[in-house]
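*Asks:* Below is a structure I'd like to ask you about.
The values are calculated or read from the model by the stated rules, or taken from the named source; none is laboratory data. Just so you know, these numbers come straight off a predicted model, no measurement behind them. No Cβ is skipped: glycine too gets one built from the backbone with ideal geometry, and neighbour counts run over all protein chains shown. In case anyone asks, the SASA skips ligands and DNA or RNA and just uses the protein heavy atoms, side chains included. Shrake-Rupley method; radii C 1.70, N 1.55, O 1.52, S 1.80 Å.
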Amino acid sequence: MSMKQNKSIKLFQRVWLTYSNFLRNSLFEGAASCSFGFVFSFIPIIMMALSIASSILAKYPAIMNYLLDLCDNFSEIYDIRPLIRNFSQKQNVSIFDIILWVWVIWIARKLFLSIARNISSIFHSETPQKGYVIQAMTFIGEVALILGLVAIVITSFLLNRFFTLPGFTFLGEQFPLLFGHFMSRLSTIIFYSVIFLFTFLVYRFESRTAPRYTLCLWNAALFTATFYVISFFINKFTNFSNYTLIYGAISSVIILMMKVYMFFMCFLLYAQNVYVTQNFDSLLFCEMYMLPSINSQKGINKLKCLIFTNPSDLQDEENTMYCKEGDIIYSQGDESEFVYFIKKGKVIEELENKEEKTFDEGVFFGEKSAVLKRPRKGTTSAACDCEIIKIDADTFRSLLIKNPRASAFAMRKL
């Protein structure tokens, strides 16, 4: 098989593993949970950030006007400019305001806890911290998020002013299309940069399985680009005036929830891809081991068998056997050093009582004695020309330990 074909099969295997694990972890429901957490957690945090920013920035009209212009980019979804103006008119911050802020932040933990639960479900990571430690860390994270949002607004304003300095003004005159487009998209660039950074940090550190930095960066970039494309098409093809006419005041909430759900669905999907890539060999082995005989399957299960009976990542010259019809693979009484996977062909095992078992393409054989560490009870030979992959017995046992589904399947077979 050519390298190009191997890459194509590996891509299909990865897509299948990602989607099947996505379904198995109930991540469509997880995305819905995160979406409702966004409404009841993140929006109050945004309100708090805006109230703090407005109170601080009211003394700086230029920054306040920039903040209002920034919010104008999202006015089709929800116009929060009147709220900012009301906050900016507040002269003093009372102790009651501070207590109210702390209380809202404290109760608005659903989003972060929902994300943490779904990431833990994807990466099968244990949570060593006690409950009160998790709550405290969530609280600190929300405070940091509020301060970060305020800092982003101020940084965005400073960058905007920086690019209006004489040197950049000259560049704008020389390259009006390029420079003008960049300046008009500055707030969008900052917004998606924050999404990229947040996604990378969650994939790398919240997973608690230490996936590679490059893997997390790549999937964070893919997720950010995917969400940008989805948002573009939603904005381009959604008639906001029709939704307002039909649903009235809640139309903006409906569109917002649609975007938020798509955000978290893609966010969790790429997180699942990080896990699949990180544990690809182990997951591939699990699917191979649990495959039924390819000859007994139809439809989608037939396709699955075709995809996973070509495990290019687990096969090399050293562990591949090419047998002719009648060749002995192992004999009765031999030590159980390997487990075998039939990539092509058919194998017959003759037991002590002369009973025969037939193993078809796409199935394992010899695993019972390997798991139990016992000598072979029968003699196995090739029923036709075969291509067989052999897996070291110790490696096989360690892979079973890593895969609860494969372990349960092996117990049923034993």
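*Asks:* What tally of residues in the stretch 308-326 results from selecting those that are out of contact with any Asp or Glu (no Cβ under 9 Å at 6 or more places or on another chain) and free of Cβ contacts under 8 Å to residues at least 60 places away in the same chain?
*Replies:* 4
*Asks:* What's the total number of residues in the stretch 206-220 that are in a helix (DSSP H, G or I) and within 18 Å of Phe264 (Cβ to Cβ)?
*Replies:* 4
*Asks:* Tell me, which residue of the stretch 266-304 that is of a type in the set (A, V, I, L, M, F, W, C) and open to solvent by 40 Å² or more (accessible area, probe 1.4 Å) is modelled with the highest pLDDT?
*Replies:* Leu269
*Asks:* Tell me, which strands (runs of 3 or more DSSP E) lie completely within the stretch 305-379 with 1 or more residues that are open to solvent by 40 Å² or more (accessible area, probe 1.4 Å) and hydroxyl-bearing (Ser, Thr, Tyr)?
*Replies:* Because the criterion is at least 1 residues that are open to solvent by 40 Å² or more (accessible area, probe 1.4 Å) and hydroxyl-bearing (Ser, Thr, Tyr), the strands (runs of 3 or more DSSP E) in the stretch 305-379 that meet it are 320-323, 356-359.
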